[in-house]
Structure formats: structure tokens, C-alpha cells
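See structure below.
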Amino acid sequence: MKKVSILIPCYNEEQSLPLLYRELSVAVNAIPRYGWEILFVNDGSCDGTLDVIKSLRKQDARICYVDLSRNFGKENAMLAGFDYVTGDCTVVMDADLQHPPHLIPQMLQYWEEGFDDVYAKRLYRSKESWLRKRLSLLYYRMLSKMTKIDILRDVGDFRLLDRCCIETLKRLRETERYSKGLFCWMGYRKKEIVFEPGDRVAGRSTWNFKSLLQLSLEGLTSYTTAPLRISTFTGIIVSLSAFVYGFYVFVKALLYGDPVQGYPNTMIVMLFLGGVQLLSIGILGEYLARIFHETKRRPPYIAREYNDEKITWMKKPDEIA
């Protein structure tokens, strides 16, 4: 019998989990030909999320959990899940029911047909402001043009991954993670399904503008060096423009005796060049910061507990069983 794992990263989802479990139970019980594992990754929640997970585990032996020592972020929580899932394939989904469990049978159908990565594409972006939708569209267009891989638009983490994909992702231990890019970068046979995203059933999203901006920077700096080239080309253009303008002023003063423009022009040129220099230094700083973090070789996460067993961070996931 093939085994299917469902991976659910959780951060302060105390109210959502009972509702999610009810929906998941209906979906998985309707497909008895598979063995099931439902793995919750508690990403340092501050509420009673872990207690709810433990309570559900007492009711259902299919439920497993990994408790991280603090909040490491969703990207690293997913990596923790990849390390601990044991199924032949894994369905990654959120805990807030915006990813409908009733799509799992369709994902499994395509998986049985030989697809390794069955990803769910949103039919529309639910309850997002006009500005956020425009910025998201602009970001994905820009990222697609800058990178050598095809970054899928309106596609999140809701997907089914074959075991070969999971093993590949486990080998990618980079600290500054951008999973949407990793899913595209690793290749494999992909299949798209379209769904209507649901509304968050409880609580509120922790993805604010600052978090989304940080994730966007991760995507840009992890998969393309185009910003570095942009700063180089900008420097070349500004230098050539300054040389042409200086030559024009010199010739004009030589032929017509016009006095060279004074303070206002000088200040404008200085401020412009200073701004370009600061922008270039900032872009270099973003890349250097990521190199700095990667060279530390710290683990992307620390697991404190796995299925009621206390563990040490030095212990490998495959040693916990």
C-alpha cells in the first residue's frame, strides 16, 4: 500500500486546526487504498497550537508533529517537514483552509499518472487589495525576465510532491530559502490544477507587507544576479552621461565664453551620483548579507520534539523513529 503524507506548517493556528482536521478527515477517509500520515510542523507558535496538535494525535494515530524550538519562518518549517515525512508522496498545504483538502484526490490521480509535482494555481487572488495584486503581478513579471528558470505565477506552496522531489529538496540546505523558486528550479514532470482559494477560517495572516517584501528580496537575490548587472550598467551610463555633459560644458565655455553653471547644477549632479552609488552599495550589501549567512553553516531549523519524544538539534531526522 502506498503512503501519502500531508505536510502542514503551523504558526499560531490554534483556532484553525480543529476545522482543518475535520475537512482533512473527510478527504482522506474517502480514499482508503492509501496509507496516510498527517504531519504538523509547529513553527514556534505562541498560542495553544501545539496542545491542539497533541490532542488531535491522541484521537488519530495518523497524526504526527514536529515542534521547532522557535519561529524559523514558513520556508524553514517546510524544510523540517520534508526531513520528517515518510510517505511515497507529500501534499504541502496551509493550515487556514485556504487550500481546500478536496483537491487531494485529483492531485493523487495525476501523481498515479506519472507526474512528480502537481501544483495548484489560484484562479484569482482572494481578498487582496488592488495595490498588492498589481505589485505581485509586477514582481513575478520582473523575476521571470531576470531568471533563467520559469517562475510560476499565482502558484503557492499547495502542491503534491513525489518522493524524488522531497529527496531533492532535502539536499538543498540553503539558509535563505525561497521555496517557490526551488520548486521550479528542480524541474521534474509538473502538472497544473486550478482552484478557487478559500477564505481564512480563523485567526489572521502573519504575512504583512514587511514579510512579503523580505520574501520578494529572497526570490530576487537567490535566483538572479541581474540587480548587480543593473547597477553596473547604471554606473556605465551615468559615467558616460557625465563625460558627455562635461565635454559639452567645456566646448560651450570655450566657444561662447559662457560661464560654467554653479551651485545648483553641481548639487544636482552630486546628489544624483551619490544616490546611484548608495543604490549600488545597497544591492551589493544584499548579496553579501546572504553570503555571510550561508558561510555560517547554521542549521535552517532546530527541532525540539517529534511525536512526544524530546530530541537534540544534533540528532538527524532519519535517526528519529
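Coordinate-derived values only; no laboratory data. Just so you know, these numbers come straight off a predicted model, no measurement behind them. Ideal geometry is used to build each Cβ from the backbone, glycine not excepted, and the neighbour counts take in all protein chains shown.
Observations, loosely collected:
- With the simple model of a label 7 Å out from the Cα in the direction of the Cβ, GLN106 to TYR34 spans 1.5 nm.
- Too-long pairs where the Cα-Cα distance tops 24 Å, listed order kept, from LYS58/LYS310; LYS2/LYS74; LYS2/LYS190; LYS74/LYS310: LYS2/LYS74
- Modelled spin-label separation between ASP47 and ASP60, with each label point placed 7 Å from Cα along the Cα-to-Cβ direction: 1.9 nm.
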